[in-house]
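One structure is given below, encoded as structure tokens.
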Amino acid sequence: MKFDVAIIGSGLAGLSVALHLAQTRKVVVVSKRALLDGASDKAQGGIAAVLDSGDSHEQHISDTLVAGAGLCDEGATRFIVEHGREAIQWLIDQGVPFTRDESAEMGFHLTREGGHGQRRIIHAADATGHAVQVTLEEKVRKHPNITLLEHHYAIDLITSHRLDRKREDGKKATPRCLGLYAQDVNSGKVHTIAADQTVMATGGAGKVYLYTTTPDTATGDGIAMAWRAGCRVANMEFIQFHPTCLYHPYAKSFLISEAVRGEGGLLKLPQGAGAAAGMRFMPAHDKRAELAPRDIVARAIDAEMKKRGLDYVDLDISHQPPEFLKEHFPTIYASCLEFGIDITKQPIPVVPAAHYTCGGVVTDNAGRTDLLGLYAVGETTCTGLHGANRLASNSLLECLVVGRAAAQAIEQEGKVETPPLPAWDESRVSDADEEVVIAHNWDELRRFMWNYVGIVRTTKRLQRAQHRIGLLKEEIDEYYRNFRISRDLLELRNLVEVASLIVKSALSRRESRGLHCSSDYPDTLPKALPTVLSPKRK
């Protein structure tokens, strides 16, 4: 299978790159499930951008740098923020139905979220991601230059240095990405996909943790594949734990949007706190209270839960008029009601959960990685925008701005002569007995990552996690070499690789900064330095 551009992933980053390129390129989008099964579709809050004359690029940049705890790349931050309005205009032109407000300058309602000094979040009620993705999905499905391979799992990248390609003068050529291997999940057949350029848009790695707001697709595939192909990764220790995930035995990964606090929601101690029940606690942790950045709010909730032996805390917005809540938060209202919680009358039980991978594959502002012909966009990457803690609603903005820049860079790079690529080795046989071991290892990994590499860390717990990851990697490498691949095996292989990178990065940071909080190193060092890991190319 030969294409001009292969895009791995079907979230906002992947679909926006596909649409920007499809006018001049034959594009394939490889999605391991259906197009809408990724994290972008679940995004509730909205997209941050300067859309009002009372706001400014400087204010948005400043808020981002403050949230990032000194570790943001100011050049990348400025580039992404300054291109925000045109990115939003592109979505409006595509027909995304953002919530209207005729009294606003652009005619759209803007909300405010934690860490933002202004109302600058454009949204579609409380289901922005879904509104955006449904709009783009329709256009992608209709485009004659876009081929969709849904339910196809990317196994690994094909690179020239692995194939030992040499130039005519006998010297080794500059390493280049030539495409990828992808398995049709339904048939089990592995396809060889050749491409002039490959774009990694596979999202984050939230499923490395037991409790997460992320969908089942968030298994760190792009980060692991790029690392194995020889690309650097950075800042993997900074895993954002969203402060407010719905706590209910039958609710799976349901996020309570940041915008609930932005519109006046208050965090309080629940009935289990005894005499302190109903008391607000955020003002005692930070002067910004409920509107403090996510890392501060998540640590405050974690501290209150541990101190008082609580399973959850309450998020109360019942003081707002019922009509206001139903209009602004229809999805949250309806979903909570299904679990017997009426947010117009009752507080919402919430807990922190792994939410966003701030680090990832090192790229420039156009998504270029260390490997020629390989681009990366979205949560898979580390552009430098998020630093040590992502500011709310900056993630979809990054997808749009860097996605467009990557498409422009690919067009400038032009077409490349790709040599014939070898087919996948189908000789390995499956062994049903091994599936039980894979499931067990998956569960073990996610549990010890939650317990040892969570919101607050110690060196001893990190070392314990590193030891267990080493043992798991040996087992998984053996399965991968000897047995026919399956989706569960591939996802576990990638998750263990990413877990190793998270722990290695965390052990190397001897301070507490942003999302990385160490009991052994509670102070923040005077100079903020990124954690950059470089693989050995095989």
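The values are calculated or read from the model by the stated rules, or taken from the named source; none is laboratory data. These numbers come from a predicted model, not from an experiment. Positions of Cβ are backbone-derived with ideal geometry, glycine not excepted, and every protein chain shown enters the neighbour counts. Each accessible area value is taken on the protein alone, full model and side chains, heavy atoms only, with ligands, DNA and RNA left out. Shrake-Rupley method; radii C 1.70, N 1.55, O 1.52, S 1.80 Å.
Numbers below:
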quantity	calculated
Test: residue in the stretch 324-341 that is over 21 Å from residue 215 (Cα atoms) and within 27 Å of the chain's Cα centre (by Cα)	yes
Restricting the stretch 227-259 to residues that are in a helix (DSSP H, G or I) and in contact with a Lys or Arg (Cβ under 9 Å, 6 or more places away or on another chain), the residue that is farthest from residue 161 (Cα to Cα)	259
Residues of the stretch 129-185 that turn out to be open to solvent by 60 Å² or more (accessible area, probe 1.4 Å) and either modelled with pLDDT of 95 or more or out of contact with any strand residue (DSSP E or B) (no Cβ under 8 Å at 6 or more places or on another chain) (or both), as a count	12
Boolean, residue 284 is of a type in the set (Gly, Ala, Ser), crowded, with 16+ Cβ neighbours inside 10 Å and over 28 Å from the mean Cα position of the chain (by Cα)	no
The one condition in (1) more than 18 Å from residue 73 (Cβ to Cβ); (2) modelled with pLDDT of 95 or more that residue 362 fails to fulfil	(1)
Residue satisfying all of: in the stretch 210-226; in a loop (DSSP other than H, G, I, E, B) and modelled with pLDDT under 95; nearest to the chain's Cα centre (by Cα) among these	214
Flag if residue 70 is open to solvent by 20 Å² or more (accessible area, probe 1.4 Å), outside any helix (DSSP H, G or I) and modelled with pLDDT of 95 or more	yes
Of the criteria (1) open to solvent by 20 Å² or more (accessible area, probe 1.4 Å); (2) under 22 Å from the mean Cα position of the chain (by Cα); (3) modelled with pLDDT of 95 or more, which one residue 15 fails	(1)
Hits in the stretch 34-56 - residues which are open to solvent by 30 Å² or more (accessible area, probe 1.4 Å), part of a loop (DSSP other than H, G, I, E, B) and in contact with a helix residue (DSSP H, G or I) (Cβ under 8 Å, 6 or more places away or on another chain)	36, 39
Residue 493 assigned to a helix (DSSP H, G or I) and open to solvent by 40 Å² or more (accessible area, probe 1.4 Å)	no
Filtered residue count, the stretch 287-303, keeping only those that are in a helix (DSSP H, G or I) and either modelled with pLDDT of 95 or more or open to solvent by less than 10 Å² (accessible area, probe 1.4 Å) (or both)	6
